[in-house]
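Below is one structure; the comments refer to it alone.
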Amino acid sequence: MGKEGIHDGHRERVKKEFLQNGFDVNTPPHKIMEMLLFYSIPRKDTNELAHILLNRFGTISGILDAPTEELVKIPGISTNTAALIKLIIPIARIYLTETNSKSRRYLRADDVCDYLMNMYFGYQKEVFSVTSFSGNGRMLGFDILASGNVNEVNVSTRKVLETVINRNAVCAIIAHNHPNGTAVPSEADIAVTKDIKNALEHINVKLLDHIVISGDDYVSMCQSKAYRYIFE
């Protein structure tokens, strides 16, 4: 049997095992990466490449978070393979958020925070968003308004106003993440919150909260004693 036949047989066994038993936290990371690489590297042993990726980036999450320009530096990783790897987190984010129907009512602060944690899953850059609501708590939309520096208060405020008007919102929650820091709001975050709250009041829209997210942690400024005064 030639090398192609050997690889084909191995791939079929790995796929059969996955379809029967799935993967879990106890599955060796190289086996998961090896199977993922099947779909962009045909008829070639991907086991060694999976090990190389793990040695370079440490973990599966490290591989998924790695910049594309770093991935393609690895011999054997084409732009096609890098695109496949970078596709995983956006798909996971969509999966996490599609279970939250827009017709659902978000009457508890914890429900909104859980939703936003899913929406911010996997982002490696700073993202600023506004979530719009009707008067009875129905979500009207989630909109990402900016990526990068949320200290650009005028731009952020204008975009928030335009968004909630277009959504016919009665109230709104703004959020952003600190990808490389803690969830503690900065002085700039406090200033942005005050400016947006004041601007929204002029169009009779209530700012309910500003959620600051970092990894699996978040701070609700409205629920925090240190920042609650802003919303009173």
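The values are calculated or read from the model by the stated rules, or taken from the named source; none is laboratory data. This structure is a prediction, so every number in the text was calculated from the model and none was measured. When we count neighbours, we look across all protein chains shown, and the Cβ atoms used for this are built from the backbone with ideal geometry, even at glycine.
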(request) Filter the stretch 38-52 down to residues that are within 14 Å of H10 (Cβ to Cβ), among the small types (G, A, S) and not in a helix (DSSP H, G or I), then give me how many there are. (result) 0
(request) Just name the residue that is surrounded by the most Cβ atoms within 10 Å (Cβ to Cβ) out of those in the stretch 122-138 that are of a type in the set (S, T, N, Q), assigned to a loop (DSSP other than H, G, I, E, B) and more than 15 Å from the chain's Cα centre (by Cα). (result) S134
(message) Being crowded, with 18+ Cβ neighbours inside 10 Å and either aliphatic (A, V, I, L, M) or out of contact with any helix residue (DSSP H, G or I) (no Cβ under 7 Å at 6 or more places or on another chain) (or both) is true for just one of A188, A169. Which residue is that?
(response) A169
(request) Under 6 Å between Cβ atoms, at least 6 apart or on separate chains: pull out the pairs that start in the stretch 201-226 with a residue that is in the same structural domain as I190 (by TED's automatic domain parsing) and end on any residue that is basic (K, R) and at pLDDT 95 or above. (result) L207/K197
(request) Would you mind stating whether D195 is surrounded by 15 or more Cβ atoms within 10 Å (Cβ to Cβ), within 22 Å of Y227 (Cα to Cα), out of contact with any helix residue (DSSP H, G or I) (no Cβ under 7 Å at 6 or more places or on another chain) and of a type in the set (D, E, K, R)? (result) no
(message) Considering only residues that are touching a Lys or Arg at 6+ places or on another chain (Cβ under 9 Å) and surrounded by 21 or more Cβ atoms within 10 Å (Cβ to Cβ), which ones fall in the stretch 200-220?
(response) L200, L207, H210
(request) For A175, indicate whether it is assigned to a helix (DSSP H, G or I) and either closer than 22 Å to K125 by Cβ or in contact with a Ser or Thr (Cβ under 8 Å, 6 or more places away or on another chain) (or both). (result) no
(request) Identify, by number, the condition in (1) farther than 27 Å from K125 by Cα; (2) loosely packed, with under 14 Cβ neighbours inside 10 Å; (3) out of contact with any helix residue (DSSP H, G or I) (no Cβ under 8 Å at 6 or more places or on another chain) that R43 doesn't meet. (result) (3)
(request) Test P75 against the criterion of being surrounded by fewer than 14 Cβ atoms within 10 Å (Cβ to Cβ), within 26 Å of D216 (Cβ to Cβ) and not assigned by TED's automatic domain parsing to the domain that holds I144, and give yes or no. (result) no
